[in-house]
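**Q** Take this structure, written in structure tokens, and hold onto it; I'll ask about it next.
The values are calculated or read from the model by the stated rules, or taken from the named source; none is laboratory data. On a predicted model such as this, the values are computed, not experimentally measured, just so you know. Reconstructed Cβ throughout: ideal geometry from the backbone, glycine too, with neighbour counts over all protein chains shown. Side chains included, ligands, DNA and RNA excluded: accessible areas come from the protein's heavy atoms. Shrake-Rupley method; radii C 1.70, N 1.55, O 1.52, S 1.80 Å.
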Amino acid sequence: MENVWPIGVVMSETGVTGTVEKTQVMAVKLAVEEVNAEGGVLGKPLLPLFRDPASTPRNYRDMTHELCRDHGVRVIFGGHMSSTRKAMLPMIESQNALMFYPTLYEGFEYSRHCIYTGAAPNQNSVPLVDYLLETWGKRIFLVGSDYVYPYESNRIVADLFRSKGGRVLDEIFVPLDLRDEDIKPILNRIYEMQPDMIYSTIVGDGIVKFYEAFKAAGFDPDTMPIASQSTSEVDVMRMKPGTAEGHIIAAPFFDSLQVPSALGFIKAFHEVSGGLPATAPAEAAYYSVHLFAKALALAGEDHIDRLLPALYEVEVDAPQGPVRIDRLTNHTHLWPRVARIRENSPYQIVNSPSRRVAPDPYLVDVIGSSEDEVADLMSLVGN
């Protein structure tokens with residue numbers, strides 16, 4: 001493939017997270033079209049090779065291997081659930097490739113071979129917890145899907161709550177394939193405990209089921225909201241009218257974001273997606289391609305040894321605001337926001353940064369660390 005730049009896109013359009021990942025696929029296509037319309041990179045177009053791993057971790061791993069081994073791909077965009085990222089990373093590293101991971105996650109990870117363009121905990125969990133404590137109270141109930149991201153994200157939110165005088169009432173995990181019989185015990189426990197708010201790390205198709213059951217049970221978001229980082233506009237779109245109104249989400253980007261940098265992207269995305277909303281993971285996938293293209297033009301080749309140093313030197317005007325990669329952590333400087341969901345109108349932004357926030361994936365500046373711990377982390381980053 002001497003006359004093109006092949007890139008792998010390992011994102012699901014089917015399976016439990018297929019709905020939100022489909023928005024990421026569309027965002028990659030849009031960004032590739034924009035890059036190629038401008039002449040590609042150094043006169044060569046980007047050639048995306050798409051694979052649908054059906055929300056199954058081993059498929060992400062196997063498809064990543066196939067793309068690198070059989071098609072000479074050196075750069076992969078993809079992964080969604082943390083279990084899929086963790087399945088892909090060993091293969092990416094063994095092939096000396098580079099991966100762009102465009103989804104928020106639980107933090108506490110570094111790989112030289114991964115660029116994390118979704119929000120780290122200090123860019124989502126911290127502002128969300130601050131808002132909840134200031135506005136809603138100190139008693140929180142945790143619920144999540146049964147895999148790594150909810151375990152770790154719930155742990156972080158619980159630690160943050162307790163460190164600031166809050167109280168965790170209970171924590172329940174449910175299957176990814178959420179069923180009605182899984183939801184009823186959660187609702188009974190919420191009714192019994194009467195928390196000030198719920199923090200949900202339920203992902204995929206179960207999000208809609210949980211929110212609809214919560215409303216049907218008579219709970220009121222004006223007195224007991226669900227707060228989430230994993231709920232997106234495509235989930236809200238699939239809910240019965242009025243279901244999501246008043247609940248809380250945290251993300252660097254919303255489809256109704258009313259800032260100049262977002263408006264053109266939102267309009268273009270709606271056109272290519274047939275009216276689907278642009279999610280925060282979609283926005284991250286979109287600007288990831290533009291970061292890659294800009295760094296590729298500077299590096300002149302897509303080998304990781306040349307591409308990584310170039311990535312640290314470039315910045316792009318993403319829809320959420322200007323973003324860049326942090327050379328110490330491979331995470332991204334972002335614009336974290338917290339919003340209350342308003343159906344059929346722009347989300348109500350209740351917490352917005354005055355400037356972009358540097359990534360702190362180990363929460364060193366938030367929870368504090370000893371000098372030895374910081375030295376260990378920096379040693380890890382240097383490997």
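**Q** Considering each residue of region 100-145, count those that are more than 17 Å from Pro225 (Cβ to Cβ) and either in contact with a helix residue (DSSP H, G or I) (Cβ under 9 Å, 6 or more places away or on another chain) or aromatic (Phe, Trp, Tyr) (or both), and give that number. Steps first, please.
**A** Keep residues of region 100-145 that are more than 17 Å from Pro225 (Cβ to Cβ), which gives 100-123, 126, 145.
Add one more test, that the residue is either in contact with a helix residue (DSSP H, G or I) (Cβ under 9 Å, 6 or more places away or on another chain) or aromatic (Phe, Trp, Tyr) (or both), and what stays is 100-119, 121-122, 126, 145.
Count: 24.
**Q** Also, I was wondering about something else. Starting from residues that are touching a Lys or Arg at 6+ places or on another chain (Cβ under 9 Å) and touching a residue at least 60 places away in the same chain (Cβ under 8 Å), keep the ones in region 106-115 and report whichever is farthest from Pro281 (Cα to Cα). Talk me through it step by step, then tell me what you get.
**A** Step one: of region 106-115, the residues touching a Lys or Arg at 6+ places or on another chain (Cβ under 9 Å) are 106, 109, 114.
Retained after the next criterion (residues that are touching a residue at least 60 places away in the same chain (Cβ under 8 Å)): 109, 114.
Details: Glu109: 19, Cys114: 16 Å.
My answer is Glu109.
**Q** Could you identify the single residue in Ala250, Ala262 that is assigned to a strand (DSSP E or B) and within 25 Å of Val28 (Cα to Cα)?
**A** Details: Ala262 fails: assigned to a strand (DSSP E or B).
Result: Ala250 is the single residue among Ala250, Ala262 that is assigned to a strand (DSSP E or B) and within 25 Å of Val28 (Cα to Cα).
**Q** State which residue is surrounded by the fewest Cβ atoms within 10 Å (Cβ to Cβ) when the search covers only region 121-152 and only residues that are under 20 Å from Arg355 (Cβ atoms) and under 16 Å from the mean Cα position of the chain (by Cα).
**A** It comes out as Pro127.
**Q** Still on this structure, I have one more. With the requirement that a residue be in contact with a Ser or Thr (Cβ under 8 Å, 6 or more places away or on another chain) and more than 26 Å from Asp177 (Cα to Cα), what does region 66-94 give you?
**A** Answer for region 66-94, where residues must be in contact with a Ser or Thr (Cβ under 8 Å, 6 or more places away or on another chain) and more than 26 Å from Asp177 (Cα to Cα): Ile76, Met91, Ile92, Glu93.
**Q** If I filter region 155-174 for residues that are of a type in the set (Ser, Thr, Tyr) and open to solvent by less than 40 Å² (accessible area, probe 1.4 Å), do I get at least one hit? Give the derivation first.
**A** At the first step, the residues of region 155-174 found to be of a type in the set (Ser, Thr, Tyr) are 163.
Restricting the remaining residues to those that are open to solvent by less than 40 Å² (accessible area, probe 1.4 Å) gives none.
Checked against the condition, which is being of a type in the set (Ser, Thr, Tyr) and open to solvent by less than 40 Å² (accessible area, probe 1.4 Å), region 155-174 yields no hits at all.
**Q** Kindly indicate which of Val314, Val338 is modelled with pLDDT of 95 or more, in contact with a Pro (Cβ under 7 Å, 6 or more places away or on another chain) and either open to solvent by less than 50 Å² (accessible area, probe 1.4 Å) or on the phi > 0 side of the Ramachandran plot (or both).
**A** On the way: Val314 fails: in contact with a Pro (Cβ under 7 Å, 6 or more places away or on another chain).
Sole residue among the options that is modelled with pLDDT of 95 or more, in contact with a Pro (Cβ under 7 Å, 6 or more places away or on another chain) and either open to solvent by less than 50 Å² (accessible area, probe 1.4 Å) or on the phi > 0 side of the Ramachandran plot (or both): Val338.
**Q** Could you please find all residues in region 1-12 being in contact with a Ser or Thr (Cβ under 9 Å, 6 or more places away or on another chain) and surrounded by fewer than 23 Cβ atoms within 10 Å (Cβ to Cβ)? Outline the logic, then answer.
**A** Quick first cut of region 1-12, residues in contact with a Ser or Thr (Cβ under 9 Å, 6 or more places away or on another chain) only: 8, 10, 12.
None; the set is empty.
Here is a yes/no grid of residues against (1) out of contact with any Lys or Arg (no Cβ under 9 Å at 6 or more places or on another chain); (2) among the β-branched types (Val, Ile, Thr); (3) assigned to a helix (DSSP H, G or I); (4) within 26 Å of Ile198 (Cβ to Cβ):
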| site | (1), (2), (3), (4) |
| --- | --- |
| Ala268 | yes, no, yes, no |
| Glu283 | yes, no, yes, yes |
| His290 | yes, no, yes, no |
| Ala293 | yes, no, yes, no |
| Asp305 | yes, no, yes, no |
| Arg324 | no, no, no, no |
| His333 | no, no, no, no |
| Ser345 | yes, no, no, yes |
| Pro361 | yes, no, no, yes |
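**Q** Cβ-Cβ below 6 Å, separation at least six or inter-chain, first residue in region 93-105 and farther than 20 Å from Tyr149 by Cβ, second open to solvent by 10 Å² or more (accessible area, probe 1.4 Å): which pairs?
**A** That search, which allows pairs on different chains as well, returns Glu93/His113; Gln95/Cys68; Ala97/Cys68; Ala97/Arg74; Leu98/His113.
**Q** Still on this structure, I have one more. List pairs: first in region 19-30 and closer than 21 Å to Leu47 by Cβ, second open to solvent by 40 Å² or more (accessible area, probe 1.4 Å) and among the aromatic types (Phe, Trp, Tyr), Cβ under 8 Å, 6+ apart or cross-chain?
**A** Val25/Phe50
**Q** List every residue pair whose Cβ atoms lie under 7 Å apart, where the two residues are 6 or more positions apart in sequence or sit on different chains, the first residue falls within region 156-178 and is more than 12 Å from Gly144 (Cβ to Cβ) and modelled with pLDDT of 95 or more, and the second residue, located anywhere, is open to solvent by 20 Å² or more (accessible area, probe 1.4 Å) and part of a strand (DSSP E or B).
**A** That search, which allows pairs on different chains as well, returns Phe161/Val168; Arg162/Val168; Arg167/Arg139; Leu169/Arg139.
**Q** I'd like the full set of residues that are open to solvent by less than 40 Å² (accessible area, probe 1.4 Å) and more than 13 Å from Glu109 (Cβ to Cβ), limited to region 67-82. Even if it seems obvious, please write down each step before you answer.
**A** Step one: of region 67-82, the residues open to solvent by less than 40 Å² (accessible area, probe 1.4 Å) are 67-68, 73, 75-82.
Matches in region 67-82: Leu67, Cys68, Val73, Val75, Ile76, Phe77, Gly78, His80, Met81.
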